[in-house]
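Read the structure below first, then the notes.
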Amino acid sequence: MITRLTCHGDEYAALSPVFDRMKKDIVSMNPKRIGVVGSSLLVQKVVPNVNGCTIILNENVLNMSSLDLLLVDHILPTDTCIELTPKTANKLLRLGGELLTTDVLMTRSVPGNVRKSLARIGFTYTRKSKSHYLVEEMVEAGFSCLRAEDITDLVRNWWEQKRQVCSSPLEESSYAYLLDDDRYSLGKALFYFYVHAEKTYDLEEELNS
């Protein structure tokens, strides 16, 4: 079960440098068909009002194709967890379409009991990868990586704020794993990245040729 968490204004302020950057990238594209995977707050705070723009949310995105923009967030907690690999993202976008995503990379194995503890505070998503392979993975999936930026410290601020209002010793032990542990914490085994990439070739066409 995924814990339902809320993101109040003060918590969002800690994340604003990330999402303001994302909003600026969206404005520069002027997309007409946007797929959004993540919290509804992402739409409210990040996706600008664009005349004639169609926004497709979460599970419905998986049935789409030829999107101008795919926006995927793995920071703000949601009731459902939708995992989109870079190759799946390629199928959903038109050629020249762009991907904006906050990704969570796990660079070393994290034991099951630690993962279970982290899930208690809403940290439920990781993708196993070495951070220095991120650009290569995007290229293999048909993207040109325009930006891959480590935002771990920015997101850590958000988790630190949430820790200040944790309500039980169990939650505190979970935050200790995420923020203090010498092996499994943010910056040790877990890293947040902001990725901006453009689809430069179609994997489906390559498979069918």
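GNM on the chain, alpha-carbon springs under 10 angstrom: the most fluctuating residue among 102, 54, 152 is 54. Specify the residue with the greatest mean-square fluctuation among 144, 167, 39, computed from a Gaussian network of the chain linking alpha-carbon atoms under 10 Å apart. Checking each option, the largest mean-square fluctuation is seen for 167.
Among 98, 198, 137, the residue with the largest mean-square fluctuation in a Gaussian network model of the chain, with springs joining Cα atoms closer than 10 Å, is 137. Given their separation in residues at 0.36 nm each and the Cα-Cα distance between them, residue 95 and residue 167 gain 21.2 nm when the chain is fully extended. For residue 162, which aspartates and glutamates qualify as cross-link partners when the Cα separation must be under 19 Å and same-chain residues fewer than eight apart are set aside? Filter leaves 10, 11, 73, 79, 153, 171, 172, 180, 181.
Normalised by the number of residues in the chain, the mean separation of alpha-carbon contacts (under 8 Å, six or more apart) gives a relative contact order of 25 percent.
Each 5 Å bin, from zero up to the one with the longest distance, holds this percent of the alpha carbon pairs of the range 99-209: 2, 11, 20, 20, 15, 11, 9, 6, 4, 2, 1, 0. When DSSP beta bridges are restricted to pairs lying wholly in the chain, around 50% turn out antiparallel.
May I ask you to work out the translational diffusion coefficient for the chain at 37 °C, viscosity 0.692 mPa s, via Stokes-Einstein with Rh from the Kirkwood sum over Cα pairs, reported in whole µm²/s? The calculation lands on 185 µm²/s.
Building the convex hull from the alpha-carbon atoms of the range 66-135 and averaging its projection over directions returns 5.4 nm².
Each part reduced to its alpha carbon centroid, the range 172-190 and the range 42-64 end up 33 Å apart.
Secondary-structure-derived ellipticity at 222 nm for the chain, considering helices only, amounts to -11000 deg cm²/dmol, per-run term -39500 (n - 2.57) for DSSP H runs with n ≥ 4. Ligands, DNA and RNA left out, the accessible area of the range 13-199 computed with a 1.4 Å probe is 47% carbon and sulfur. When the C-alpha to C-alpha distance is required to be over 20 Å, the pairs from 45/199; 32/91; 130/199; 128/188; 24/130 that qualify are 45/199; 130/199; 24/130.
The values are calculated or read from the model by the stated rules, or taken from the named source; none is laboratory data. Computed from a predicted structure; not experimentally measured. Areas reflect the complete protein model, heavy atoms only, side chains present, ligands, DNA and RNA absent. Shrake-Rupley method; radii C 1.70, N 1.55, O 1.52, S 1.80 Å.
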